[in-house]
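To keep things clear, I will list the structure first and then write my remarks on it.
The values are calculated or read from the model by the stated rules, or taken from the named source; none is laboratory data. In this text, all values refer to a predicted model and were calculated from it rather than measured experimentally. Cβ atoms come from the backbone with ideal geometry, glycine included; neighbour counts cover every protein chain shown. Protein only, heavy atoms only, side chains kept; ligands, DNA and RNA dropped before computing areas. Shrake-Rupley method; radii C 1.70, N 1.55, O 1.52, S 1.80 Å.
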Amino acid sequence: MATAIGGQIRVGIIGAGLIGQTHSMMLRYVADCTEQSVRVVSVADVSRAAAERLASRWSGARAVESAEELIADSSIDAVWICTPTAMHRQACIAAARAGKHVFCEKPLAMTAADASEMAAAIKAAGVKSQVGLVLRFSPVYNVIKWIFEEADVGRLLAVTMRDDQDFPTRGVHASAWRNDPSLTAGGTLIEHSVHDFDLLTWMFGPVTTLSCRTRNLNGADGVEDFGATAMEFAGGFHGQLTSIWHRMMGRPSNRRLEVFAENLFVASDADTLGPIIFQRGSGANEETIGASEVMAGFTEKILRERPWLAPIKARLAIPYAAEDATFIAALKGACEPYPEFAAGVSAQRMVEAAYQSARSASAVPIRT
């Protein structure tokens, strides 16, 4: 069992691209709200210039060109792995064996087998780990989850989600590697909707079987830009996930979630703050929970359940801030890492089942 870190947590960021920059910003928020409990001391990237740009945002931070060099630094307590997917496995296993705590972005690896190997290395090393399934920190999805835990909603009937984004090689998500089969584990299903597979099972329980079909219009071989996945939940209801990478650069990345129960309908077109549209069985009209009300409800309940997030109360509307603050709190011994690494392995297995279904044109059972 890893011991809590008493002093300032020294972090190395592996990967200085868009997501590495995002986590650097979030760690800055956490540091500024917690008496500098965390500091980025090293950044690694194959582009020396990119590493230097990100390292320059932290006083005294080093820029290096390889994960190996960063991991060899004995002063580093934890690493944030923010590289293209193909590089996750090697960096994670090396970091764990070096005694570093590991935060790894999603998807964990190129395959579920690789992800399981990473999880085994972390367990053997006795270090703490967390996976970047950030939608679990979304205020709107937490509030919707809590609504459906109320006793009077009745049995769940159907869950429908659409996840759409401009093909992420340009615009605000510009990452050329997303269309390189040697670096990416696939297309929209694994590289983006892995969030959704995790979210839907976290909110509504396990899936027993799924069926999927995919299509590729704009991606390289093996990088699909469309997936339609039908899910049968253990609770006896049906789910549908539509995943799309389109070519509309001016359209913001977004999700729509609709949920029907016997006595309640809930929908939201925004994946962070809402608003939430709902209609109860006795109501004649749809009603709205505004974004400010969503945030107020989320803040009150999440701080009651997770008091270690109180220092970043002003930043709770940013799911990445709550995510990174949670791992820092876990390293301090205030809580357990969340989501745990196993959740990332499970989500990857579900997406692999979706790919298997698309190839075989048949339903695939989900292994628990």
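Here are some notes:
- Residue list for region 273-290, filter: open to solvent by 40 Å² or more (accessible area, probe 1.4 Å) and either within 20 Å of Asp198 (Cα to Cα) or in a helix (DSSP H, G or I) (or both): Leu273
- Flag if Asp77 is open to solvent by less than 70 Å² (accessible area, probe 1.4 Å), farther than 20 Å from His101 by Cβ and acidic (Asp, Glu): no
- Residues that are in contact with a Gly (Cβ under 6 Å, 6 or more places away or on another chain) and open to solvent by 40 Å² or more (accessible area, probe 1.4 Å) within region 223-245 comprise Ala234, Gly235, listed in sequence order.
- Residue check, Met161 open to solvent by less than 50 Å² (accessible area, probe 1.4 Å), in contact with a Lys or Arg (Cβ under 9 Å, 6 or more places away or on another chain) and of a type outside the set (Ser, Thr, Tyr): yes
- Residue ID - nearest to Gly187 (Cα to Cα), chosen from residues in region 96-114 that are open to solvent by less than 50 Å² (accessible area, probe 1.4 Å) and assigned to a helix (DSSP H, G or I): Ala112
- Which listed residue, of Ser56, Ser42, is in contact with a strand residue (DSSP E or B) (Cβ under 9 Å, 6 or more places away or on another chain) and surrounded by fewer than 16 Cβ atoms within 10 Å (Cβ to Cβ): Ser56
- Filtering region 38-75 to residues that are in contact (Cβ under 8 Å) with a residue 60 or more places away in the chain and over 15 Å from His23 (Cβ atoms) leaves Asp73, Ser75.
- Among the numbered conditions (1) open to solvent by less than 30 Å² (accessible area, probe 1.4 Å); (2) touching a Ser or Thr at 6+ places or on another chain (Cβ under 8 Å), the only one that Lys313 does not meet is (1).
- Any hit, region 182-203, residues being of a type in the set (Ser, Thr, Tyr) and either open to solvent by 40 Å² or more (accessible area, probe 1.4 Å) or at pLDDT below 95 (or both): yes
- Count of residues meeting criterion [charged (D, E, K, R) and in contact (Cβ under 8 Å) with a residue 60 or more places away in the chain] in region 305-355: 7
- Odd one out for Val294, checked against (1) hydrophobic (A, V, I, L, M, F, W, C); (2) touching a Pro at 6+ places or on another chain (Cβ under 6 Å); (3) open to solvent by 30 Å² or more (accessible area, probe 1.4 Å): (3)
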